[in-house]
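Enquirer: Right, I'll just put the structure down here and ask away after.
The values are calculated or read from the model by the stated rules, or taken from the named source; none is laboratory data. Being a predicted model, the structure only gives us computed values, none of them experimental. All Cβ positions, glycine included, derive from the backbone under ideal geometry; neighbour counts span all protein chains shown. Side chains are part of the model used for accessible areas, which takes the heavy atoms of the whole protein and leaves out ligands, DNA and RNA. Shrake-Rupley method; radii C 1.70, N 1.55, O 1.52, S 1.80 Å.
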Amino acid sequence: MKYIVMLARLIIGGLFVYASWYKVIDPAAFAPAVRNYLILPPAYSNFTALTLPWIELFAGLFLIVGIQVRPSAFLTTAMLAIFLGAISYAYSIGLDIDCGCFGSATESQGKIGPYHLLRDTTLLLVSFAIVAFDKGDFGIGAVFNKQKLNI
């Protein structure tokens with residue numbers, strides 16, 4: 001089980017790092033994707049476009065490296081739940097928008113549809129499994145915990 005959890009950490013962590021990369025580099029291009037959901041006022045959309053990619057980046061890196069795994073996995077689970085809610089809302093009201101998940105609104109990965117709902121639901125379940133089953137194996141946290149026990 002610990003190897004499956006480690007693989008899940010690497011998948012979710014890698015996905016979050018990948019998803020954040022272009023948004024960190026160009027938050028101005030990501031801001032329209034946030035605004036397209038019609039959930040946040042424009043001022044909050046800009047703030048979200050500036051901060052969310054950094055949160056995604058560090059949560060993903062922490063999962064990969066094994067630092068504060070459960071809090072990081074809880075954060076990715078919460079973000080995925082929010083993303084799933086936003087995508088479900090946009091799909092339910094018929095918005096014809098790109099999800100903005102892996103870049104800007106201009107770099108289309110396809111319009112929101114059932115695929116996005118299924119994908120985010122699956123990722124949410126995998127991320128939650130990390131929260132539920134991670135025992136702190138295979139990461140920097142495990143190394144530090146072992147050193148504390150030996151001192």
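Enquirer: If I fit a long axis through the Cα atoms of helix 140-150 and take the longest principal axis of the Cα atoms of the chain, what angle between them do I get, 0 to 90°, rounded to 10?
Expert: Roughly 20 degrees, rounded to the nearest 10.
Enquirer: Relative contact order, percent, of the chain when contacts are C-alpha pairs under 8 Å separated by at least 6 residues?
Expert: Reported as a whole number, the value is 33 percent.
Enquirer: Additional query: On a 0 to 90 degree scale, rounded to 10, what angle separates helix 69-92 from the longest Cα axis of the chain?
Expert: 20
Enquirer: Then there's this: Give me a comma-separated list of calculated 3J(HN,Hα) values for the stretch 50-60, in order, Karplus coefficients 6.51, -1.76, 1.60 applied at θ = phi - 60°, integers in Hz, x for any Gly or Pro.
Expert: Karplus values, whole Hz, x for Gly and Pro: 7, 9, 4, x, 5, 5, 4, 4, 6, 4, x.
Enquirer: Work out how far the C-alpha atoms of the chain reach from end to end along every principal axis, then list the three figures in whole Å, largest first.
Expert: Computed over the Cα atoms, the extents are 56, 28, 22 Å.
Enquirer: In addition: Heavy-atom accessible area per residue, the chain, 1.4 Å probe: how many Å²?
Expert: I get 56 Å² per residue for the chain.
Enquirer: Moving to a separate point now. Can you pull the percent of the chain's accessible area that's carbon plus sulfur, 1.4 Å probe, other chains left in place?
Expert: Of all accessible area on the chain, carbon and sulfur atoms account for 72 percent.
Enquirer: Additional query: In degrees between 0 and 90, to the nearest 10, how far off the longest principal axis of the chain does helix 114-133 point, with axes built from Cα atoms?
Expert: Once rounded, one gets 20 degrees.
Enquirer: With label points built 7 Å along Cα→Cβ from the Cα atoms of I140 and S92, find their separation and express it in nm.
Expert: 4.0
Enquirer: Along the stretch 33-43, what does the Karplus equation 6.51 cos²θ - 1.76 cosθ + 1.60 (θ = phi - 60°) give for ³J(HN,Hα), rounded to whole Hz, x for Gly and Pro?
Expert: 5, 5, 5, 4, 6, 6, 9, 9, x, x, 4
Enquirer: While we're on this one: Straight-line reach from K111: which aspartates and glutamates fall under 15 Å, measuring Cα to Cα and dropping same-chain residues less than 8 apart?
Expert: D96, D98, D120
Enquirer: Something else: Residue by residue, what Karplus-based ³J(HN,Hα) values in Hz, rounded to whole numbers, does the stretch 4-19 have, using 6.51, -1.76 and 1.60 with θ = phi - 60° and x for Gly and Pro?
Expert: Once rounded to whole Hz, the list reads 5, 5, 4, 4, 4, 4, 5, 5, 5, x, x, 5, 5, 5, 4, 5.
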